[in-house]
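Read the structure below first, then the notes.
The values are calculated or read from the model by the stated rules, or taken from the named source; none is laboratory data. Note that the structure is predicted; figures quoted are calculated from it, not measured. Using ideal geometry, Cβ is built from the backbone for each residue, glycine included, and neighbour counts are taken over all protein chains shown.
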Amino acid sequence: MKFYIETFGCKVNSYESNYIKQSLIASGFLYVDKMVDADIIIINTCTVTNTADTKCKKFVRRVRRENPDSILAVVGCSVQNNFSEYEKMNVDILLGNIEKSKLKDIILEYLENKVKYYYHETNRDLAFEDMEINDFDHTRAFIKIQDGCDNFCSYCIIPFMRGKCRSKEFNKVIEEAKMLVQNGHQEIVLTGIHTGSYNYEGHDLVDVINALSEIPGLERIRLSSVEITELNEKFMEMLKNNPKFCDHLHIPLQAGSDEILKKMNRKYDLKYFFDKIEEIRSIRPNISITTDIIVGFPEETEEMFNETYENAKKLKFSKIHVFPYSKRNGTVASRLKEVSSTEKTNRVHKLLELSNILEKEYEDKFKGQKVKVLIEEVKDGVSIGHTSNYLKVEIPKVLEVNKFYEVIYKED
């Protein structure tokens, strides 16, 4: 039978979808890249914002309408958050965030008895659900090393959807990385819902990074994201001494106003953030530091937003991912007075303009310099890849995918 997977949301979802795909192929199913050809359609959903939720629900309804005879399995965060709504959508298999690793067996059981399977777990106290992949459908491979979050930022629903922090067994992480490298992957991204909280029997995130660095053939190690409070002395020492760790960190700021950071229940103030960024750059002057910022958080005044704008400018991020605040029922922030949607939109545009300026400033520093790029794809005769510091490089000739090349960046 043929199956298709549609994935919404984060890198953790991408990893989980990859695992589901691999487990089905190993059981004799055939993956197709067009939904219209599929007997089984799997949708892995996201609920991080209202927009994500709305997109997922709309997509599921459309898929059911256009593919009435296909087996439809819908899983993930949006299902976890809106289980009763999805129950009304004539879905065959419905799972929240637990039992994704068993989806292949659930599908096989459904094919045998044609009984719908609906399940979601509301308890936060969960064990790490083991998934292991030996190949990835991109040049850059992900390993999910952690799940859940205990931060409870006042705007975020994810700790309620994903449960408490838990980590993958240390040895299993290393073995999975070895398999990925044996299958040709030279770059690995460590990912999780709160990756920096990794802790398994005394092994922390830095222990994982250093152990992976010993694997022959693994050239680059990245983090999907890390909190500023987790960049301790041990991490800084690794940053100083580990050449395989990429020159790129994604560190969410979320707001450049101490008052808003406090309302968000973030665990740092601006002085702490600035000092830590300065320390990082003293170790790696050319590192790319990208960030997330939420604008229009409840009770954010024009002055507070301007403070965020000016501080983001001073911090010289190489890219800002800008999100308008999205109300999530059940969170502390949902009880606060909202900023108007017009004001939110204006602030988003202003910060995105700044992001474009900062991105160009960062890229221009490397113009005419020799850079090392890992080719990820070739499209219309152009080879595309990224450097260690995540500069996108496009070379107007056909080069071998998954190979490193030294080129001049943006040569005139």
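Of the conditions (1) in contact with a Phe, Trp or Tyr (Cβ under 8 Å, 6 or more places away or on another chain); (2) modelled with pLDDT under 95, residue 261 satisfies every one except a single condition; which number is it?
(2)
Considering only segment 348-359, I want to know if a residue exists there that is under 24 Å from the mean Cα position of the chain (by Cα), of a type in the set (Asp, Glu) and in a helix (DSSP H, G or I).
Among the residues of segment 348-359, at least one is under 24 Å from the mean Cα position of the chain (by Cα), of a type in the set (Asp, Glu) and in a helix (DSSP H, G or I), which makes the answer yes.
Search segment 399-412 for residues being part of a loop (DSSP other than H, G, I, E, B) and surrounded by fewer than 12 Cβ atoms within 10 Å (Cβ to Cβ), and hand back the single one that is modelled with the lowest pLDDT.
Quick first cut of segment 399-412, residues part of a loop (DSSP other than H, G, I, E, B) only: 399-403, 409-412.
Filter once more, keeping what is surrounded by fewer than 12 Cβ atoms within 10 Å (Cβ to Cβ): 400, 411-412.
Numbers: 400: 95, 411: 71, 412: 59.
In this case the residue turns out to be 412.
Quick one: would you say residue 189 is within 17 Å of the chain's Cα centre (by Cα) and at pLDDT 95 or above? Spell out the reasoning first.
Numbers: within 17 Å of the chain's Cα centre (by Cα): yes; at pLDDT 95 or above: yes.
For residue 189, the condition - within 17 Å of the chain's Cα centre (by Cα) and at pLDDT 95 or above - is met.
Take the residues of segment 329-341 that are in a helix (DSSP H, G or I) and among the hydrophobic types (A, V, I, L, M, F, W, C): which is surrounded by the most Cβ atoms within 10 Å (Cβ to Cβ)?
If we filter segment 329-341 for residues that are in a helix (DSSP H, G or I), which is where we start, we get 332-335, 341.
Retained after the next criterion (residues that are among the hydrophobic types (A, V, I, L, M, F, W, C)): 332-333.
On the way: 332: 16, 333: 21.
Selected residue: 333.
Looking at segment 357-375, can you tell me whether even one residue there is without any contact (Cβ under 8 Å) to a residue 24 or more places away in the chain and of a type in the set (Asp, Glu)?
First, the residues of segment 357-375 that are without any contact (Cβ under 8 Å) to a residue 24 or more places away in the chain: 357, 360, 364.
Now narrow it down to the ones that are of a type in the set (Asp, Glu): 364.
Yes: segment 357-375 contains one or more residues that are without any contact (Cβ under 8 Å) to a residue 24 or more places away in the chain and of a type in the set (Asp, Glu).
With the condition kept exactly as written, say whether any residue in segment 7-19 is assigned to a helix (DSSP H, G or I), surrounded by 17 or more Cβ atoms within 10 Å (Cβ to Cβ) and over 20 Å from the mean Cα position of the chain (by Cα).
no
In the list 355, 383, 326, which residue meets the criterion of being modelled with pLDDT under 95 and either surrounded by 12 or more Cβ atoms within 10 Å (Cβ to Cβ) or of a type outside the set (Phe, Trp, Tyr) (or both)?
Values: 355 fails: modelled with pLDDT under 95; 383 fails: modelled with pLDDT under 95.
Selected residue: 326, the only one of 355, 383, 326 that is modelled with pLDDT under 95 and either surrounded by 12 or more Cβ atoms within 10 Å (Cβ to Cβ) or of a type outside the set (Phe, Trp, Tyr) (or both).
Conditions first: (1) in contact (Cβ under 8 Å) with a residue 60 or more places away in the chain; (2) surrounded by fewer than 21 Cβ atoms within 10 Å (Cβ to Cβ); (3) assigned to a loop (DSSP other than H, G, I, E, B). Residue 160 passes all but one, so which condition is the exception?
Looking at each condition in turn, residue 160 falls short on (3).
Can you name every residue in segment 124-157 that is surrounded by 14 or more Cβ atoms within 10 Å (Cβ to Cβ) and at positive phi?
Of everything in segment 124-157, just one residue is surrounded by 14 or more Cβ atoms within 10 Å (Cβ to Cβ) and at positive phi, namely 148.
Would you confirm, using the coordinates I've provided, whether residue 201 is surrounded by fewer than 21 Cβ atoms within 10 Å (Cβ to Cβ) and under 18 Å from residue 273 (Cα atoms)? Let's see the steps before the verdict.
Numbers: surrounded by fewer than 21 Cβ atoms within 10 Å (Cβ to Cβ): yes; under 18 Å from residue 273 (Cα atoms): no.
Here the answer is no, as residue 201 does not meet what is asked.
Can you name the condition, by its number, that residue 33 falls short on among (1) surrounded by 13 or more Cβ atoms within 10 Å (Cβ to Cβ); (2) outside any helix (DSSP H, G or I)?
(1)
So is residue 317 closer than 22 Å to residue 191 by Cα and aromatic (Phe, Trp, Tyr) or not?
Numbers: closer than 22 Å to residue 191 by Cα: yes; aromatic (Phe, Trp, Tyr): yes.
In short, yes.
Quickly run through segment 264-295 and pick out the residues that are buried (at least 16 other Cβ atoms within 10 Å of the Cβ) and of a type in the set (A, V, I, L, M).
Within segment 264-295, 264, 270, 277, 280, 287, 289, 293, 294, 295 meet the criteria.
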